[in-house]
Every structure is written in C-alpha cells, then in structure tokens.
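Structure, as structure tokens:
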C-alpha cells in the first residue's frame with residue numbers, strides 16, 4: 001500500500017444539465033480524485049483549502065473514506081471556492097456561469113510532514129505555482145508525479161505551467177487542451193511533443209470517446225463505457241485521474257503494462273461518476289459494483305484474434 | 001471460404017483535403033468494400049454499373065484481386081457516377097461539391113446466377129429500392145445480410161429504407177445517422193431501437209472515435225488506430241465494412257465473439273485506407289502489413305486485469 005498525496009480544490013459546485021439542476025453541492029478536483037482513489041488500498045491525504053462556510057458533513061464524508069483531511073485548511077471568515085456551470089444538450093460542452101475563487105485566491109499549500117514522503121503525488125487542476133510549491137515541499141522526489149491542468153492556465157500562466165510540466169512524470173489533459181498546448185491537431189504528434197516537455201507518459205482524455213495513454217511509441221486506449229444515459233459529466237475527468245493514481249499507488253508498479261490497467265480502472269470509475277449529479281454516485285459505490293463493471297470493460301474491449 | 005456478394009457504387013471521386021486535391025480517381029462504396037474484403041479468403045463479386053467512360057485499368061485492378069466483375073454493367077454512352085467533396089481542416093466533416101448520378105439514375109441491378117447463393121450479402125450505400133431488388137433476386141436468404149446506408153436515404157426514401165432495414169441482419173451506420181434514424185441521442189438507446197426495426201446486430205461507426213457493435217445487451221468497441229496523420233478519410237467506412245464482411249465470409253461464423261473479431265479486422269483495414277488518397281493505400285496492401293497492424297490493435301486495447 002502506497003502513500004498518495006492529492007492537491008486540488010475542495011469546493012462548492014452548482015450544476016445544470018438537460019436533466020435538472022442542483023443548488024450548491026460538494027465538488028472540487030481533490031474531492032473527486034480522493035473519492036475515486038479510496039476504492040483502492042491506499043493511504044491518501046488532501047492538501048487544499050475551504051472557508052468556514054464549508055459543511056462539516058462534507059469533511060466527514062471524506063474522512064469516512066479513510067482520506068486524511070488534516071491538511072485541508074479551513075480559513076476563518078473565508079468563503080469556499082465556488083464553480084457553477086451549465087451543460088449543453090449533448091453534454092460534451094458547457095458554459096461556466098460563475099467562478100468565485102474566494103479562499104483559493106491566496107492559497108499557500110502546506111504539505112503535512114507525514115506525507116512529505118508520498119509515493120505518488122497527484123497535482124489536481126490548480127494554479128501552477130501552487131502545484132510547484134507542493135513539489136518543492138516534498139522530502140524527496142515521489143516515485144510518480146501526475147499532473148492535471150486545463151486551458152485556463154495555458155492562457156494565463158503558460159511559463160509557470162511549463163515549469164510544472166517539466167517536473168512531472170505523467171500529464172493528464174483533454175484532447176482540445178493537448179492540441180492547444182502543442183499546436184498539433186494529431187493527438188499522436190501532440191503526445192510526442194508533450195513527452196519532449198518532460199512527462200514520460202501522457203494521458204489524453206477524450207470524454208465520452210475514451211482516453212489514450214502514450215509512452216514512446218506505445219499507445220493504449222480505453223473507451224468510455226457506452227451508457228444509456230449520461231446524467232452529469234462533472235468530475236468525470238478527476239474521477240478518472242483518481243482511479244488512475246489510486247491503482248498505481250496501491251500496486252506501486254509504474255510499468256507500461258500496469259499503467260494500461262490504471263487507465264482501465266480510471267475509465268471504469270468515471271463511468272459511475274457521470275450517472276448521477278456531482279459526487280452522489282461515487283460516495284456509496286461498492287467494490288462489487290466496481291468489479292462487475294470491470295468485467296463489462298473486458299467484454300467491451302477484449303477479442304481473441306490469434307496472430308502468427 | 002464463403003461467397004460474398006457486394007452491391008454498391010463503382011465510381012469516380014474527386015477529393016480535396018487540407019493536404020492536397022485529386023482529379024477524378026477510382027472511388028465508390030463497392031470498390032472500397034471489395035478491396036478490403038479481398039484481404040480474406042473469399043469468393044466475391046460486385047453488382048454495380050459504370051459508364052463506358054470508366055477506364056478498363058480500374059476494372060483490371062479489381063479483377064487482379066480475384067473480385068468477380070462480370071456483374072458490373074457497362075452502359076454504352078453512359079457516364080460513371082461522380083462524387084466530389086472537400087474536407088474541413090479537422091477531416092471529420094466535409095462538403096459535397098458535386099453528385100452526378102449519371103448511370104446510377106436508372107440502375108436495375110442484376111444478380112448473376114452463380115452468386116444467387118451467396119453466403120454473405122453486403123448492401124453498400126445506394127437507393128433502398130436497388131438494395132431491395134438484390135435481396136429479392138437471391139435464391140434463398142443469405143446467411144447474413146449487412147446493410148450500409150446514409151442520411152440522404154433517411155431524408156428522401158425513409159419508408160423504402162425501413163423496409164430494407166427490416167430484412168437485414170446487421171446495419172452499419174454513422175453515429176449521427178443512428179441518432180437521426182431513432183431520435184435518440186444515446187447510442188445505446190439508438191442501437192436498441194434499431195434492433196427493434198429488424199437487425200439483430202448494429203454497428204455504429206464513429207469515424208476517428210472507433211466503432212461500436214451492439215447485440216442484445218452485449219457491446220463491443222474497436223478504437224480507430226491513433227495515427228500521426230489522417231490524409232484522406234474517403235472510403236474509410238466502406239473499407240471498414242469490407243473488412244468486416246470479408247472476415248465473416250471467410251470464417252462463416254456469425255457468433256458474437258467472431259463479430260468482435262470482424263469489427264477489429266474492419267477497423268484495422270480502415271486505418272490503412274485513410275493514410276493516402278482514395279484507394280491508393282488499399283490496392284497494394286500486403287498481408288504482412290495487415291498482420292503487423294493487427295498486433296498494434298492488440299497492444300492498443302488488450303489489458304490483463306484479473307477478476308475474481
């Protein structure tokens with residue numbers, strides 16, 4: 001069992017999809033990542049910040065999943081980061097309605113002493129300087145640093161982002177963002193350019209079209225499970241990342257073959273996340289449900305053509 | 001070795017992509033289907049029509065692949081069907097510039113006697129009445145009837161199209177067309193509705209995002225091979241269909257497990273088709289190249305998570 005340190009937002013989301021809308025509910029990258037990772041035998045902790053408007057009940061939910069929340073700072077008289085978005089009818093695109101940084105505006109992350117030796121460091125989507133600061137606080141370089149980011153940081157803090165990318169082992173990124181970062185339309189070429197920036201591995205997330213893992217000349221692909229209904233895509237990418245790093249932290253094996261399996265575990269968990277609003281589906285997900293759906297993934301992708 | 005009868009266009013195409021443009025070159029659904037199917041041990045024939053402006057050299061090319069061309073009618077003083085299109089920069093969408101039906105306008109297909117007992121009937125994209133006429137000319141129901149169609153026939157000849165769909169075992173169709181046909185956004189629901197129209201199996205083609213095979217509650221997915229460069233997508237869907245039916249005609253096994261393999265073979269061949277203009281890549285494709293890329297498909301999709 002490895003130690004997994006997760007840096008990212010713990011937040012309020014308000015979501016509107018063609019199927020309904022929510023008030024402020026539990027959200028944030030670190031929330032989704034940690035819930036997904038809690039499906040594995042890992043020792044995980046979150047570094048984040050919330051305001052004192054953040055319900056104790058949400059923190060208890062994370063704690064009940066054996067997630068160490070001692071490094072989630074609670075800022076007195078502060079307001080928790082709030083994001084609100086509305087999905088279009090095809091659920092593939094969305095408009096951001098509100099982004100209130102609140103306590104995130106001046107966030108100085110502090111890595112707790114007992115996680116400075118984490119095996120896996122997952123840098124969820126946040127300001128690159130926050131991500132850098134966490135890397136620098138580690139006692140020694142973790143066995144694996146995984147970075148997630150988004151176009152906002154490419155547009156506004158590219159030099160800092162490139163510095164973080166240079167220090168990471170695996171970058172997870174959307175297809176459109178990979179194209180923006182590299183000015184290459186072909187994802188094969190984009191992944192190759194990203195590898196030249198530092199990361200040995202690149203995971204390109206294509207939403208309902210699955211995810212690609214690149215390493216040198218090797219490529220692996222995991223489809224998204226075809227579902228009758230996608231209800232709310234919020235958190236699917238972070239859930240994918242959480243399953244991915246959770247499995248890697250549990251198995252402590254970063255061979256390409258094991259990374260393939262990690263991509264499948266991530267895709268598998270993401271397929272649950274989108275079935276209900278927010279974290280609703282993830283918070284009570286049983287091991288049996290997860291195992292059963294892994295079998296569906298096998299059925300979905302495995303074939304038996306014998307080659308000479 | 002089974003008998004495969006292919007109905008579809010044999011045509012001239014003029015193609016423009018971001019990488020260049022062609023004059024009138026060899027094209028047509030039956031052309032791509034038969035070239036792909038010729039990679040397998042099958043006894044195949046084309047039912048189609050061309051004008052006497054169609055170069056003998058093109059017919060010789062098909063003949064050299066052991067494709068029976070005796071039922072390609074050559075209309076005296078007729079002009080061959082001509083299609084011209086221009087792809088957008090992402091290669092996922094295109095504008096049709098010219099569609100000259102020419103000899104296709106009054107095409108009465110005649111199934112040759114020695115193929116009235118074909119095992120597999122592949123109905124390439126054509127007027128549903130032409131497809132119906134071919135079905136009716138068969139001595140007995142083929143073991144497998146596979147139908148390909150497009151939105152044009154949904155818009156203009158829906159009752160006739162629904163009649164053909166009701167008589168087929170497998171429908172291959174694009175994702176957008178599946179949605180249009182069923183008024184369902186979810187491809188899982190769309191496939192289920194299509195199965196209720198007749199076909200036991202549904203293949204939904206998603207272009208660069210791969211292909212899905214549905215049968216009852218079973219789903220199988222084959223990705224498109226990630227390529228450095230897609231040069232010209234023309235004919236990729238027909239090449240997929242040709243690999244699919246070619247493999248099924250060779251193996252004469254229509255179990256779901258064998259259909260999975262057929263989907264992989266189709267995807268594999270389509271990955272070659274898009275590498276050059278028109279049929280250029282397909283006409284000299286070697287068994288060794290095909291086999292090597294099947295190994296890449298295995299690498300791309302296979303994983304080894306053990307379930308209890």
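Would you say residue A:38 is touching a strand residue (DSSP E or B) at 6+ places or on another chain (Cβ under 7 Å) and surrounded by 24 or more Cβ atoms within 10 Å (Cβ to Cβ)? The answer is no for residue A:38.
What do you reckon, is residue B:103 exposed (fewer than 14 other Cβ atoms within 10 Å of the Cβ) and touching a strand residue (DSSP E or B) at 6+ places or on another chain (Cβ under 8 Å)? Don't jump to the end; show me each part of the working.
Details: exposed (fewer than 14 other Cβ atoms within 10 Å of the Cβ): no; touching a strand residue (DSSP E or B) at 6+ places or on another chain (Cβ under 8 Å): yes.
Against the criterion (exposed (fewer than 14 other Cβ atoms within 10 Å of the Cβ) and touching a strand residue (DSSP E or B) at 6+ places or on another chain (Cβ under 8 Å)), residue B:103 does not qualify.
Residue count for the range B:3-21, restricted to those that are at pLDDT 95 or above and assigned to a loop (DSSP other than H, G, I, E, B): 3. For the range B:248-255, the criterion of a residue being crowded, with 24+ Cβ neighbours inside 10 Å, more than 8 Å from every other protein chain (Cβ to nearest Cβ) and either under 21 Å from residue B:174 (Cα atoms) or without any contact (Cβ under 8 Å) to a residue 12 or more places away in the chain (or both) is satisfied by at least one position.
Scan the range A:150-177 for residues that are in contact with a strand residue (DSSP E or B) (Cβ under 7 Å, 6 or more places away or on another chain) and within 13 Å of chain B (Cβ to nearest Cβ) and jot them down.
From the range A:150-177, those in contact with a strand residue (DSSP E or B) (Cβ under 7 Å, 6 or more places away or on another chain) are A:164-165, A:167-175; that's our starting set.
Within the range A:150-177, A:175 is the sole residue that qualifies.
Exactly one residue out of A:216, A:238 is under 23 Å from residue A:182 (Cα atoms) and more than 20 Å from the chain's Cα centre (by Cα), and it is A:216. Exactly one of these conditions fails for residue B:180: (1) more than 10 Å from chain A (Cβ to nearest Cβ); (2) touching a strand residue (DSSP E or B) at 6+ places or on another chain (Cβ under 7 Å). Give me its number. Answer for residue B:180: the failing condition is (2). Taking residue A:117, is it out of contact with any helix residue (DSSP H, G or I) (no Cβ under 6 Å at 6 or more places or on another chain) and surrounded by fewer than 24 Cβ atoms within 10 Å (Cβ to Cβ)? Yes. Residues that are more than 18 Å from the chain's Cα centre (by Cα), at least 1 per element: which strands (runs of 3 or more DSSP E) completely within the range B:69-174 meet that? In the range B:69-174, the matching strands (runs of 3 or more DSSP E) lie at B:72-75, B:82-87, B:94-100. Which residues, counting only those in the range B:48-68, are in a loop (DSSP other than H, G, I, E, B) and more than 20 Å from residue B:282 (Cα to Cα)? Residues satisfying the conditions are B:52, B:53. One residue stands out among those in the range A:288-308 that are farther than 15 Å from residue B:301 by Cα and at pLDDT 95 or above: the one that is farthest from the other protein chains (Cβ to nearest Cβ), which is A:289. Among the residues of the range A:185-204, are any touching a helix residue (DSSP H, G or I) at 6+ places or on another chain (Cβ under 7 Å), at pLDDT below 95 and over 24 Å from residue A:269 (Cβ atoms)? Within the range A:185-204, one or more residues are touching a helix residue (DSSP H, G or I) at 6+ places or on another chain (Cβ under 7 Å), at pLDDT below 95 and over 24 Å from residue A:269 (Cβ atoms). Against the list (1) within 30 Å of residue A:215 (Cβ to Cβ); (2) within 13 Å of chain A (Cβ to nearest Cβ); (3) assigned to a helix (DSSP H, G or I), the condition residue B:240 fails is (2). Please indicate, with yes or no, whether at least one residue in the range A:2-12 is closer than 30 Å to residue A:144 by Cα, crowded, with 16+ Cβ neighbours inside 10 Å, touching a residue at least 12 places away in the same chain (Cβ under 8 Å) and more than 17 Å from the chain's Cα centre (by Cα). Scanning the range A:2-12 turns up at least one residue that is closer than 30 Å to residue A:144 by Cα, crowded, with 16+ Cβ neighbours inside 10 Å, touching a residue at least 12 places away in the same chain (Cβ under 8 Å) and more than 17 Å from the chain's Cα centre (by Cα).
Please verify whether the range B:36-47 includes one or more residues that are modelled with pLDDT under 95, within 14 Å of chain A (Cβ to nearest Cβ), in a loop (DSSP other than H, G, I, E, B) and closer than 30 Å to residue B:292 by Cβ.
Checked against the condition, which is being modelled with pLDDT under 95, within 14 Å of chain A (Cβ to nearest Cβ), in a loop (DSSP other than H, G, I, E, B) and closer than 30 Å to residue B:292 by Cβ, the range B:36-47 yields no hits at all.
In summary, residue A:283 fulfils each of the numbered conditions (1) in contact (Cβ under 8 Å) with a residue 24 or more places away in the chain; (2) within 14 Å of chain B (Cβ to nearest Cβ) with the single exception of condition (2). Filtering the range A:259-275 for residues that are more than 19 Å from residue A:296 (Cα to Cα), more than 14 Å from every other protein chain (Cβ to nearest Cβ) and touching a helix residue (DSSP H, G or I) at 6+ places or on another chain (Cβ under 8 Å) leaves an empty set. Entry remark, the range B:59-80: residues being in contact with a strand residue (DSSP E or B) (Cβ under 8 Å, 6 or more places away or on another chain) and either under 23 Å from residue B:114 (Cβ atoms) or at pLDDT below 95 (or both) number 13 in total.
The values are calculated or read from the model by the stated rules, or taken from the named source; none is laboratory data. Because the structure is a prediction, the values reported are computed rather than measured. Positions of Cβ are generated from backbone atoms using ideal geometry, with glycine treated the same way; all protein chains shown enter the neighbour counts.
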